[in-house]
Structure formats: structure tokens, C-alpha cells
Amino acid sequence: SLPSPAMTTTTTATVNTLHEDNPNQLFDKIANNIFHFEHQLNNFHTSSINQNINEICMPRSTRHLCGSLIPLPSPAASLNLDQQSIENEQSHSPLLRPLLPIQRIDLKYRNLGRNGLRVSQLGLGTWVTFGGQISDDVAEELVTIAYDSGINLFDTAEVYAAGKAEITLGKVLKKKKWRRSSYIVSTKLFWGGKAETEKGLSRKHVIEGLRASLERLQLDYVDIVFANKPDTSVPMEEIVRAFTQVINDNLCFYWGTSRWSPMEIMEAYSVARQFNLIPPICEQAEYHLFQRDKVEVHLPEIYHKIGIGTMTWSPLACGLLSGKYDDGVPIHSRAALKGYGWLKEKILNEEGRKQQSKLRELAVLAAKFDCTLAQLAIAWCLKSESVHCVLLGASSVEQLYENLNSLQIVSKLTPSVMTDIDRILGNKPTVRVSTKNETNFQTHVQLPQAQR
């Protein structure tokens, strides 16, 4: 519900007092800390300031209307609001809760494996959201905030919303007119259409599929193209030759794999070296608190052997780790969407209930850091030395800011805290040291079968 008239009156009176004292100073302070308010602000409600604009609170409903606060490169100035007015407002609205402190987002950049491509440690993904769950206007806001915050990688796929995600992302990038050299776009190929020749990793589909993606994206090239899943019906040599050709034709700069087993990645690398072709540079893998083996055990060994980078997706396990499913499946959640019955079943089955029990323990730990469960989960992913880039998903401006602020939590995850998390989860992978005649690439990690 929106703020009551009493709350609005109290806030207005307080702000008017400040405005009369020093109108220019107040305007500067608000203008420097509010982003995109012109076209979204219906009712800005300020409370629980505690002498610092870093602790602004708004009713959840109002925040959904007006978005959130942008991190600033300079410290926020303090506002001296009357404490009694603040307490009166809090007593009128149980929905008030503090935003995380507004701090400068200090994104780091890393080489994607042993390659020269520098990627931000967080990337923005478009799965489910772009072209489907959110409007084009919201998509533009998300991309803009991500880019302005330092994110330089935007990931999509030909299968997302049947190509509409690529179209939406392409429209935004064209409208923004940013230097093409200042950001990275990646897309994925496998499911391109209904015809037999419009899917898979045949040379025909790799070339035609990438050209179709470029047309939807309105780009001359993408930076990375991923094989979205293995294709055992196509010889590995044909796959590697196809991706080498699209690179040589300047349709992309690099190619990578997604949801491939370690053995398949090694085979592609071996074929590339045997025939003087271009090997993959990166594997996209699912990684979160409940999916750990592949990223923590197998991919680090491949990195040390051949330099493959790791880009991870679904840090919140399709929203499971956000805590929203603690009391069932909300009507507007991803698990309630058409085509996501597999996710709903995963949440409601016995294993899902056990996971929710562990999440309640983790929520207590998150409260100690004054962060949300989702922020703790993303920070945990970023803490892994094996991960070069974590792909975020967001369906609102507020959600994106919440995810970005997870960067503030990473430094708080000390070895003892990580040990506590492992104790709660009880699923830390065991690294087995192989002998000279053995290989660690014999285990195929089970991954979701949904078209991603």
C-alpha cells in the first residue's frame, strides 16, 4: 500500500522546513542522490535518515514506483531531519525498511581465463526478463544502470523469449550510442527455430544462427558466442571449425561453451590444437550455494591446464536463494510463470523444503551483515577465485541495485564466515587428487534441462 496521508503530510512539512532554511543546498543533496526520478517518482517518501542520506527508507510499494538510489562517486552529504518526525513516520508504516548504504560500486575487472578480454566481475543477463517478463523501458533502465555502474558485459541468447531478448537488448544499445569498444556482448546458439536445421551446432546453424542474432541485436559483431549445450550428433571437429570460421569472418572475437562437461571442453581444445583452429576461451556454468561441484572442482583444473575462464549464471538459483519461496510460490514469481513448472516442482519437493530450511539459517547470518539473503548468495559466488564473471538477472531497478550492492559484502566473508556457510549447507565438494594415470574429468555434473 502507498504511504498514508498522515505520513505524506509529516514528510512534506519536514522537507519544506529544510527547503526554507537552505533551498539550494537541499536541492543539490537530493539531485545528487536520486536517479531516474523524473519519470518514475510518484511519491518520494523520506524517513529513518539517522543524520545520513545513506540510510534513506521508503515504503516498499513506493520504491517499486520510483526505483532506487544510484551509487555515487562521492560521499553523500548528511541531512538533519527532525528525529521525532522520523519516529512518527515509522510508527505509521510497518513497510519501512532501510536501503543498504549508498556507496560507490567498486567493480573489479579480470581477464576471462588466460585470455586478453577484460570483463567486469558482474555481468547483466537477459534470461526470462528481456522480451518477456519486463517492458522495454525497464530493460533500458537496467542496461543503463548496469553500464553506468561499471558493468561491461551483457549476455543473451537466440532462444531467450524466442529471439525477443536479443531484439530488446539491441534496441537499447543502439539508442544509448555508447562506444562499441566500451562494452562486451555475448550470445548463445543452439535453439534457433523449429526446423531441424535451425537448432544444434552444425556448421550451418552456427553460421546462420549467429548472423540472425546479429540482425536482431543490430550489431556488426558480438564479442563472444557460446555453444549453449553440447551436441553429440555433430562431430567435434565440425563444431570447432564452425566457430573458428565465424571468428575469421569477423562475426565475433571469441567462442565459448555453456553447460559442457569437462571432457567435452578438453576434446574441443584438443581438436583445435590438432587442426590449428581456435579453441574456446570460457565455460558458462550454473553456480550457486546449492550447485558447486563443477565450478569448484572441475573447472579450476581445466583453467590450470588450458586457461579456460569461468562465467557463472543463476547465482540465486532462479530466485530460490532470494528467500521469496519460503512460504510457497508467490503468484508473480518466476516459478509461477508458464513453462517453469520444473522450477515450481523443484521448490516444493522434499529436497526443496530442506533447502528452504538451510536458507532460513543463512538469513540469520545475512542479518548480521545487514544485507539480504540474495546479496549474501551473490557475494558468496564472487568470493570464489575460480569465477571470473557472475551474470546477474533483474526484473526491476530496485532488484538490480540490491544485487549490485552485494559487492559491499564480499570483504566481510572471512574464512571463518565461509566455514560457517559450508557448515550450514553441508555440500562442500571434496577435491580428489588424481594419480598420474587417472583423470578428474570422468564425472558429468547434472544440470537443469530447461532451454537456457
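Among the conditions (1) in a loop (DSSP other than H, G, I, E, B); (2) touching a residue at least 12 places away in the same chain (Cβ under 8 Å), the only one that LEU124 does not satisfy is (1). Of all residues in segment 251-287, how many are open to solvent by less than 50 Å² (accessible area, probe 1.4 Å) and more than 27 Å from the chain's Cα centre (by Cα)? Residues in segment 251-287 being open to solvent by less than 50 Å² (accessible area, probe 1.4 Å) and more than 27 Å from the chain's Cα centre (by Cα): 5 in total.
Is one or more of the residues making up segment 272-293 out of contact with any Asp or Glu (no Cβ under 7 Å at 6 or more places or on another chain), in a helix (DSSP H, G or I), on the phi < 0 side of the Ramachandran plot and among the aliphatic types (A, V, I, L, M)? Yes: one or more hits. When residues in segment 298-324 are screened for being in contact with a Ser or Thr (Cβ under 8 Å, 6 or more places away or on another chain), open to solvent by 10 Å² or more (accessible area, probe 1.4 Å) and in a helix (DSSP H, G or I), 4 of them pass. The residue that is surrounded by the fewest Cβ atoms within 10 Å (Cβ to Cβ), counting only those in segment 354-379 that are over 17 Å from THR414 (Cβ atoms) and among the polar types (S, T, N, Q), is SER357.
Each row is one residue, and each column tells you yes or no for (1) among the hydroxyl-bearing types (Ser, Thr, Tyr); (2) within 17 Å of LEU251 (Cβ to Cβ).
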| position | (1), (2) |
| --- | --- |
| SER149 | yes, no |
| ARG179 | no, no |
| GLY200 | no, no |
| LEU210 | no, yes |
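Residues that are within 16 Å of ALA268 (Cα to Cα) and without any contact (Cβ under 8 Å) to a residue 12 or more places away in the chain within segment 200-245 comprise THR232, PRO235, listed in sequence order. Look at PHE290 and say whether it is of a type in the set (Phe, Trp, Tyr) and surrounded by fewer than 24 Cβ atoms within 10 Å (Cβ to Cβ). Yes. Here is a check on your reading of the model: is THR129 farther than 12 Å from LEU392 by Cα, hydroxyl-bearing (Ser, Thr, Tyr) and open to solvent by less than 20 Å² (accessible area, probe 1.4 Å)? No, not satisfied. For segment 163-196, give me the residue count where each residue is free of Cβ contacts under 8 Å to residues at least 24 places away in the same chain and of a type in the set (Gly, Ala, Ser). Result for segment 163-196: 3. Residues in segment 286-295 that are closer than 17 Å to THR257 by Cα and charged (D, E, K, R): GLU286, LYS294. Within segment 110-120, is even one residue under 17 Å from SER314 (Cα atoms) and aliphatic (A, V, I, L, M)? No, segment 110-120 contains no residue that is under 17 Å from SER314 (Cα atoms) and aliphatic (A, V, I, L, M).
Annotation for segment 230-250: at least one member residue is of a type in the set (D, E, K, R), in contact with a helix residue (DSSP H, G or I) (Cβ under 9 Å, 6 or more places away or on another chain) and either part of a loop (DSSP other than H, G, I, E, B) or open to solvent by less than 60 Å² (accessible area, probe 1.4 Å) (or both). Once segment 332-353 is narrowed to residues that are at pLDDT 65 or above and more than 16 Å from HIS288 (Cα to Cα), the residue that is most open to solvent (accessible area, probe 1.4 Å) is LYS338.
The values are calculated or read from the model by the stated rules, or taken from the named source; none is laboratory data. Predicted model, so just to flag it, every value in this text is computed and none were measured. Glycine gets a Cβ as well: all are built from the backbone with ideal geometry, and neighbour counts include every protein chain shown. Each accessible area value is taken on the protein alone, full model and side chains, heavy atoms only, with ligands, DNA and RNA left out. Shrake-Rupley method; radii C 1.70, N 1.55, O 1.52, S 1.80 Å.
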